[in-house]
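Asker: Below is the structure I would like to discuss, written out as structure tokens.
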Amino acid sequence: MILSWMLFSVDALDLPFLNAYLDSLGLPNFRKGCNFAAAGSTILPATASSICPFSFGIQVSQFLKFKARALELLSGKGRKFDKYVPSEDIFEKGLYMFDIGQNDLAGAFYSKTLDQVLASIPTILLEFESGIKRLYDEGARYFWIHNTGPLGCLAQNVAKFGTDPSKLDELGCVSGHNQAVKTFNLQLHALCSKLQGQYPDSNVTYVDIFTIKSNLIANYSRYGFEQPIMACCGYGGPPLNYDSRVTCGNTKTFNGTTITAKGCNDSSEYINWDGIHYTETANQYVASQILTGKYSDPPFSDRMPFLLKLKF
């Protein structure tokens with residue numbers, strides 16, 4: 001899915017927001033690029049029980065179809081579509097951004113043990129590598145790849161898998177989930193290095209989202225937050241304010257009692273919005289840290305051609 005802190009990063013760089021590929025009715029403008037992200041998507045192919053049918057391989061196929069159609073339109077008479085689709089050179093010069101894999105891990109814990117989740121990671125990354133290779137073969141050269149954040153610190157996962165205090169770490173996060181994420185990120189980083197060596201004419205940048213978010217949660221008060229894990233919008237009150245039966249903004253009736261998951265008075269005091277996603281203020285922090293360049297491999301802080309006004 002397209003993440004809010006990505007939007008803040010794009011805004012800070014004074015770049016246009018991208019139209020979604022699946023929102024192509026009317027006359028969207030894809031001149032500056034296209035967004036193929038889908039909420040709930042996974043790297044592994046979707047199954048009958050998947051939340052989203054548009055897995056990574058499908059998204060890559062959608063891109064290939066988009067590229068072929070764009071080039072077809074550009075080659076037509078009159079060039080009347082030039083202002084709506086990318087020029088041919090953009091497909092090689094453009095930046096290909098990826099933030100996917102967290103749903104593979106989070107979903108796996110509902111049916112697998114930690115050891116089984118860890119054992120599945122190479123298969124997940126093999127599928128990701130296959131997609132990257134397909135894009136490279138189509139001319140993509142600039143890859144921007146985010147690792148996965150601390151899933152064990154999301155209220156949704158703490159509520160489901162953290163009922164036993166021994167399963168939690170010193171921050172109150174589910175240890176097993178974060179162990180899986182660290183393993184995934186380690187192997188993803190190795191894959192990025194492998195791809196860079198395999199394709200020397202490309203540029204593969206690995207971005208450490210896990211460290212950025214973990215630092216925010218561990219030092220939340222330093223950055224002006226009051227709640228590191230508890231959801232702003234939810235039901236149940238402290239310590240998590242999360243109830244899987246009723247999601248943010250919804251009302252349900254159970255045993256004759258009606259309950260509503262409402263938003264808090266000031267979301268800027270919270271890191272977590274609804275038990276899964278971050279608040280706007282937290283996303284601003286994440287974006288500000290990404291744009292320092294120091295959490296990237298290779299780092300780019302010494303090559304920033306401009307100064308950004310970062311809030312944090």
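The values are calculated or read from the model by the stated rules, or taken from the named source; none is laboratory data. Just so we're clear, the structure is a prediction, and the values are computed from it rather than from any experiment. Reconstructed Cβ throughout: ideal geometry from the backbone, glycine too, with neighbour counts over all protein chains shown. The accessibility values were calculated without ligands, DNA or RNA, using every heavy atom of the protein model including side chains. Shrake-Rupley method; radii C 1.70, N 1.55, O 1.52, S 1.80 Å.
Asker: From largest to smallest, what semi-axes in whole angstrom does the range 32-150 give when each is the square root of 5 times an eigenvalue of its alpha carbon gyration tensor?
Answerer: Semi-axes from the Cα gyration tensor: 33, 14, 11 Å.
Asker: Given the -39500 (n - 2.57) contribution per DSSP H run of 4+ residues, what per-residue ellipticity at 222 nm results for the chain, rounded to the nearest 500 deg cm²/dmol?
Answerer: -11500 deg cm²/dmol
Asker: Applying 1/(1 + (r/R0)^6) with R0 = 35 Å to the Cβ-Cβ distance of E92 and A48, what FRET efficiency is obtained, to the nearest 0.05?
Answerer: 0.40
Asker: Another question, then. Tell me the Kirkwood radius of the range 66-215: reciprocal of the mean inverse pair distance over distinct alpha-carbon atoms, in Å.
Answerer: With all distinct Cα pairs of the range 66-215 included, I get 17.5 Å.
Asker: Please report, ordered by residue number, every helix of the chain (full DSSP H runs) that is 24 Å or longer along its axis going by C-alpha atoms and whose mean Kyte-Doolittle hydropathy reaches -0.5.
Answerer: In the chain, the long hydrophobic H runs are 56-74, 114-137, 175-198.
Asker: What distance in nm separates the simple spin-label points at Y84 and T113, each placed 7 Å from Cα in the Cβ direction?
Answerer: With each label placed 7 Å out from Cα toward Cβ, I get 5.6 nm.
Asker: Arrange the peptides 165-174, 279-288, 131-140 so that the one whose residues have, on average, the most other Cβ atoms within 10 Å appears first.
Answerer: 279-288, 131-140, 165-174
Asker: Once you have the Cα-Cα distance between L126 and E72, take 0.36 nm times their residue separation minus that, and quote the gain in nm to one decimal.
Answerer: The L126-E72 span can extend by a further 16.3 nm.
Asker: Over the chain, with every protein chain in place, what whole percent of the accessible area is carbon and sulfur at 1.4 Å, could you tell me?
Answerer: It is 53 percent, rounded to a whole number.
Asker: Quick one: length gained pulling S244 to F300 fully straight, 0.36 nm per residue minus the C-alpha distance?
Answerer: Fully extending the segment from S244 to F300 adds 16.1 nm.
Asker: Between the range 203-232 and the range 105-135, what is the C-alpha centre distance in whole Å?
Answerer: 24
Asker: Rolling a 1.4 Å sphere over the protein heavy atoms, what is the accessible area per residue of the chain, to the nearest Å²?
Answerer: 52
Asker: The range 127-286: D in µm²/s via Stokes-Einstein (Kirkwood Rh, Cα pairs, 4 °C, 1.567 mPa s)?
Answerer: Answer from the Stokes-Einstein relation: 74 µm²/s.
Asker: So in the chain, which Cys have no other cysteine's beta-carbon sitting under 4.7 angstrom from theirs?
Answerer: Lacking a cysteine Cβ partner under 4.7 Å: C34, C52, C192.
Asker: Okay, moving on. Test of understanding: express the Cα radius of gyration of the range 110-177 as a ratio to 2.2 N^0.38 Å, with N the residue count.
Answerer: 1.50
Asker: Another question, then. In whole Å, largest first, what are the principal axis extents of the Cα atoms in the range 181-252?
Answerer: Extents along the principal axes, in whole Å: 53, 33, 20.
Asker: Oh, and also: Using modelled amide H (1.01 Å from N, peptide plane; none on Pro or chain starts), what sits under 5 Å from the amide H of W144, excluding residues fewer than 5 places away?
Answerer: Hits under the 5 Å cutoff: Y96, M97, F98, T205.
Asker: Around L168, which amide H atoms from residues at least 5 apart in sequence, or from another chain, sit under 5 Å from its own amide H, with H modelled in the peptide plane?
Answerer: Residues meeting the criterion, in which the H sits 1.01 Å from N, are S175.
Asker: In Å and whole numbers, how far do the C-alpha atoms of the chain stretch along each principal axis, longest first?
Answerer: Largest to smallest, the principal-axis extents are 65, 45, 42 Å.
Asker: For a protection proxy built on the mean count of beta-carbon atoms within 10 angstrom, sort 230-241, 110-121, 261-272 highest first, please.
Answerer: 230-241, 261-272, 110-121
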